Amino acid sequence: MRILVTGGLGFIGSHLVRHLLVQENVWVTNLDALTYAGNPENLEDVQGNPRYQWRHASITDEVAVNEVLSAEVFDAVMHLAAESHVDRSIEGGLAFVETNVVGTQILLEAARRHGVGRFLHVSTDEVYGSLGPSGLFSEDSPLTPNSPYSASKAASDLLALAAFRTHGQDVVVTRCSNNFGPNQFPEKLIPLYITNGFQKEPWPLYGDGANVRDWIYVKDHIEALWLALIKGRAGEVYNIGARNERTNREVAAALLTLLQLPKETVIAVPDRLGHDRRYAIDPSKAERELGFHPQFGWETALEATVVWYREHRSWWKAIKSGQYRDFYHRQYPTLGTFAHDG
Ligand code: NAD
Ligand code: DAU
């Protein structure tokens, strides 16, 4: 089976590529533009694998995308490449429209032109917008995205479904909740807190800290993507989640305990603009149709994540001393400077 993965040098994509290469008779081509969020180190261990290759190109480059898709006959595209950070989309949304919307349409058309079997579009629960204190997102919930990031993901999600309805293209869409685990870029909540903890820097908590996210370990998400690829029905959407809702305060408290830090580490900062209050996924369709059942518990997976960051200081220190610093200082102007070595 030949699979084109997009965004394979990022957080979820790198776990996916590694998982695919463990399967027998799977060849992976990874199309990744290496933006600030991509990192070749994430896939250092598979560099020499004869069943793996990285093509350095943007999904917004129509010529390059068609060139990659005409070089081999792919059985499937697993499309993860995206601008993925909500706060960056609030600073400016153009890159989000270009990559997430235009790039997805370029890929869909190229996949169709070159006879790709299946197109798995990796969407997000953020396309549903925000929930009140009760209820869950089902696949039939209306799409009411609130940030430029989630609006661009909703557009790409609908373009993928439109390709199925209009052209009969074999498209499957997954909408997953918040991932955490090794290799996540430290702009996201959990790796930001863990690495700031090692560097004795404060933990910025937006607003009242009562916003709820539904957390899933990245390896469980990967398993669900594989199941959706091989068992999903064309034209269907599958919600992916681990029934694991936590307020941001609860996440902070769990990490304070694991890192043995005082509660004063957490500093209230101004709220994110348009901050979605609560996400919660009903994954029963994926459980029923795909046989998806998360294998990793919250506490053990969170601890394993802390251990990974403790053991991979050079990975995140290189990021935090590079161009990410500028974003951090714009984002949290009153906070520290990563002065401590960690
Ligand atoms: P990430 O930001 O860690 O990685 C994105 C990757 O895409 C990087 O390797 C980057 O170089 C690449 N990329 C960006 N623009 C590109 C372009 N124009 N052409 C080619 N490559 C490009 O993202 P992530 O957190 O791993 O998320 C991966 C996918 O999963 C995204 O589509 C995201 O919307 C979706 N998703 C993420 C989560 C989550 O919690 N992180 C949850 C649900 C869905
Ligand atoms: O739900 C899936 C989505 O999860 C994915 O589609 C996105 O790509 C991914 O980035 C993530 O989006 P969130 O905005 O939920 O993740 P983030 O880690 O940025 O924030 C999680 C929560 O923590 C959110 O309520 C905002 C809050 N937060 C975040 C940061 C970075 C803080 O309180 N302080 C912070 O410094």
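Of the GluC sites (Glu not before Pro) found in region 91-199, none is in coil by DSSP with at most 12 other Cβ atoms within 10 Å of its Cβ. For residue 205, the residues 5 or more places off, or on other chains, whose built amide H falls under 5 Å of its own are 267, 268, 269.
Between region 233-276 and region 80-152, what's the alpha-carbon centroid distance in Å? That distance is 20 Å.
On full extension, the segment bounded by residue 144 and residue 243 gains 33.5 nm, given 0.36 nm per residue less the C-alpha separation. Taking Cα atoms only, the orientation of helix 218-231 departs from the longest principal axis of the chain by about 20 degrees. Between region 5-26 and region 169-224, the C-alpha centres lie 19 angstrom from each other. Here the dipole of region 1-158 is about 320 debye; that uses its Cα centre as origin and unit charges on the Cβ of Lys and Arg (positive) and Asp and Glu (negative).
Taking Cα atoms only, the orientation of helix 11-22 departs from the longest principal axis of the chain by about 50 degrees.
Farthest toward the positive end of the dipole of region 107-197, out of 194, 127, 108, is the Cα of 108, where the dipole comes from beta carbon charges about the Cα centre. Net charge within 15 Å of residue 223 by Cβ-Cβ distance, Lys/Arg positive one each and Asp/Glu negative one each, not counting residue 223 itself? Around residue 223, the charge tally is 0.
Take the Cβ atoms of residue 293 and residue 258, set R0 to 25 Å, and the FRET efficiency comes out at 0.50. Residues whose amide H comes within less than 5 Å of that of residue 171, counting only those at least five positions distant or on another chain, are 119, 235 (H built at 1.01 Å from N in the peptide plane). The 3J(HN,Hα) values that the Karplus relation (6.51, -1.76, 1.60; θ = phi - 60°) gives for region 270-283 are, in residue order, x, 5, 5, 5, x, 4, 5, 6, 8, 10, 7, 9, 9, x Hz. Gly and Pro appear as x. Coupling constants for region 152-164 follow from the phi torsions by the Karplus curve (6.51 cos²θ - 1.76 cosθ + 1.60, θ = phi - 60°), and in residue order they are 5, 5, 5, 4, 5, 4, 6, 5, 5, 5, 5, 5, 5 Hz; glycine and proline get x.
Calculated FRET efficiency, residue 230 to residue 210, Cβ-Cβ distance, R0 = 45 Å: about 0.70 to the nearest 0.05. Along region 84-100 the Karplus relation, 6.51 cos²θ - 1.76 cosθ + 1.60 evaluated at θ = phi - 60°, assigns HN-Hα couplings of 10, 9, 4, 4, 5, 5, 6, 5, x, x, 5, 4, 5, 5, 4, 6, 6 Hz to successive residues, with x for each Gly and Pro. Amide H contacts under 5 Å for residue 212: 278, 279, restricted to partners 5 or more places along the chain or on a different chain, H placed in the peptide plane at 1.01 Å from N. Given R0 = 35 Å, the distance between the Cβ atoms of residue 36 and residue 1 translates into a calculated FRET efficiency of 0.65. In the elastic network of the chain, a GNM with C-alpha springs shorter than 10 Å, the most mobile of 124, 300, 104 is 300. Relative to the first principal axis of the alpha-carbon coordinates of the chain, what is the inclination of helix 248-259, with its axis defined by its Cα atoms, in degrees from 0 to 90 and to the nearest 10? The helix 248-259 is inclined about 70 degrees to the chain.
Contact order for the chain, expressed relative to its length and based on alpha carbon pairs under 8 Å spaced 6+ residues apart, stands at 17 percent.
Set the bar at 29 Å for Cα to Cα. Now go through 219/317; 231/317; 219/320; 188/263 and name every pair that lies beyond it. Flagged as over cut-off: 231/317. With the simple spin-label model, which puts each label point 7 Å out from Cα in the Cβ direction, the residue 334 to residue 22 separation comes to 4.5 nm.
Each reported figure results from applying straightforward, stated rules to the coordinates on display, with no laboratory input. Because the structure is predicted, anything quoted here is derived from the model rather than measured. Here Cβ is always computed from backbone atoms with ideal geometry, including for glycine, and neighbour counts include all displayed protein chains.
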